[in-house]
Amino acid sequence: MLSKRIVAVARRRALSGRIHSQNTATSLSKAWNTVGTQLARSQFHSSRLIQAEVVKVPQMAESISEGTLKSWSKKVGDAVEADEEVATIETDKIDVTVNAPVSGTIVELLANEEDTVVVGQDLLKIEAGAAPSKPSESPEELPPSSKKGDSEEPVDQQVDKSTPPPPQPSAVDKRGGGVPSDGPKEEKKELKEDPKPPLRKRSRMRLRIAERLKESQNAAASLTTFNEIDMSALMDMRKKYKDEVLKEHDVKLGFMSAFARACTLALQELPAVNASIEGDEIVYRDFVDLSVAVATPKGLVTPVVRNAESMGFLQIEKEIAAMGKKAKDGKLSLEDMTGGTFTISNGGVFGSLFGTPIINLPQSAVLGMHTIKERPVVVNGQIVIRPIMIVALTYDHRLLDGRDAVTFLVKVKEYIEDPRKMLLAPV
């Protein structure tokens, strides 16, 4: 009897040891699988980090070190191609686009819209490589609600048929013989607060324009002189040749090219109007880089037509048209707007009849053109109706005397009233 008990105890001990070894092996197996899974995940995560390329704020210009992140063109998870635009940074002079250096997928945005960013700052991360394609949803993957037929009513529109319908009003109620009602209830009128006017933050370009205009008013001794120009001859010339010029040269012949050509000739005859003040010195130039004021949705910009003194009517017209298109499309670079020596502003395209333009420092003068109006004038003792434009020249009296300024404006007037004189100019 005792031997049987000894054998039973030995068997139980052997069985428990075997179960313990099996549990230990199972635990070790589970631990190994967990470690393997974590290792694989860490390797995958680290590989994504290695592949992600950080895109920084690009160099914008020598004088620009920061800007405002105006908008993102892409969001996290979007696929981008190499050189595709992903963001726009607004500066006080131009808008700078940020392009993707490689093809891939955006995995993280490191700045928010309206944040101030500096050159070299981390902006976003792109995982290089082909972007994953989005699988199309199969009918099996659609949610159960989308598999139902269109004829099935929504839950909120289903009516419990067991609930009895509300009682219909009796004939006495319809004739007004029922229980009298309390009468129409007076609606309480809530006092509405006055709506606040919408607020909009000024752009960096608008702030910079305001700063430069105020700087010009504070620094320059501005004075404006005026004159009237009979536009009859120039309008006749334009009417006669505009169709031919458009057909042969694919450019519209306007008034701006004539005024630009007249100004370049007058500037070469009176170089002080083309000069500028730098410290205690006056800088004279033998070339004319003509700044042309262009109105854009973001503000007034002045792209420059280089070496305008060497151009004819058609060349100037083409350059002005190209610069105007770049300005309205927001494609102007900083080089396109720096270095002008004289400015022409044409407020007449908006109907301005009379105005005093502000000098674009460090330049010494600016010509303002205005709209054309028919006026009675005296010609050879007779009162006749002529198309008249009032022109204004604002000049810096620190550099220019009234004689030079008035003489310049009179020469421009003479060239415009008889365009043939431009062919006889001494320059």
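Summary of values
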item: Hey, I390 open to solvent by less than 70 Å² (accessible area, probe 1.4 Å) and farther than 18 Å from L267 by Cβ or not; result: yes
item: Total residues in the stretch 82-96, condition in a strand (DSSP E or B) and crowded, with 18+ Cβ neighbours inside 10 Å; result: 7
item: Selection count, the stretch 294-311, where residues are open to solvent by 30 Å² or more (accessible area, probe 1.4 Å) and part of a helix (DSSP H, G or I); result: 2
item: Close pairs (6 angstrom Cβ cut-off, 6 or more residues apart or separate chains): farther than 15 Å from G355 by Cβ in the stretch 369-383, open to solvent by less than 100 Å² (accessible area, probe 1.4 Å) anywhere; result: E374/P387; R375/I388; V377/R386; I383/P376
item: Scope the stretch 330-346; condition open to solvent by 20 Å² or more (accessible area, probe 1.4 Å) and within 27 Å of D230 (Cα to Cα); matching residues; result: S345, N346
item: Near pairs, Cβ below 7 angstrom, 6+ apart or cross-chain, from the stretch 246-259 (open to solvent by less than 50 Å² (accessible area, probe 1.4 Å)) to any residue that is among the basic types (K, R) and modelled with pLDDT of 90 or more; result: V251/K318; L253/R238; L253/K242
item: Test for L314: is it open to solvent by 30 Å² or more (accessible area, probe 1.4 Å), modelled with pLDDT of 90 or more and closer than 18 Å to G368 by Cα; result: no
item: Selection status of L353, touching a residue at least 12 places away in the same chain (Cβ under 8 Å) and open to solvent by less than 30 Å² (accessible area, probe 1.4 Å); result: no
item: Some residue of the stretch 373-384 being closer than 15 Å to T224 by Cα and at pLDDT 95 or above; result: no
item: When residues of the stretch 356-374 are limited to those that are polar (S, T, N, Q) and in contact with a Gly (Cβ under 8 Å, 6 or more places away or on another chain), the one surrounded by the most Cβ atoms within 10 Å (Cβ to Cβ); result: Q363
item: Enumeration of residues in the stretch 272-293 that are of a type outside the set (G, A, S) and either in a loop (DSSP other than H, G, I, E, B) or open to solvent by 60 Å² or more (accessible area, probe 1.4 Å) (or both); result: E278, D280, E281, I282, Y284, R285, D286, F287, V288, D289
item: Flag for T407 being hydroxyl-bearing (S, T, Y), buried (at least 19 other Cβ atoms within 10 Å of the Cβ) and within 15 Å of T225 (Cα to Cα); result: no
item: Subset of the stretch 260-271 that is in contact with a strand residue (DSSP E or B) (Cβ under 8 Å, 6 or more places away or on another chain) and either in contact (Cβ under 8 Å) with a residue 60 or more places away in the chain or surrounded by fewer than 23 Cβ atoms within 10 Å (Cβ to Cβ) (or both) - its residue that is nearest to H397 (Cα to Cα); result: L267
item: Filter pass, G324 being surrounded by fewer than 20 Cβ atoms within 10 Å (Cβ to Cβ) and not in a helix (DSSP H, G or I); result: no
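Matching residues to (1) exposed (fewer than 10 other Cβ atoms within 10 Å of the Cβ); (2) modelled with pLDDT of 85 or more; (3) farther than 30 Å from R206 by Cβ:
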| position | (1), (2), (3) |
| --- | --- |
| E114 | no, no, no |
| S138 | yes, no, yes |
| L142 | no, no, yes |
| P167 | yes, no, yes |
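The values are calculated or read from the model by the stated rules, or taken from the named source; none is laboratory data. In this text, all values refer to a predicted model and were calculated from it rather than measured experimentally. Every residue, glycine among them, receives a Cβ derived from its backbone with ideal geometry; neighbour counts consider all protein chains shown. Areas reflect the complete protein model, heavy atoms only, side chains present, ligands, DNA and RNA absent. Shrake-Rupley method; radii C 1.70, N 1.55, O 1.52, S 1.80 Å.
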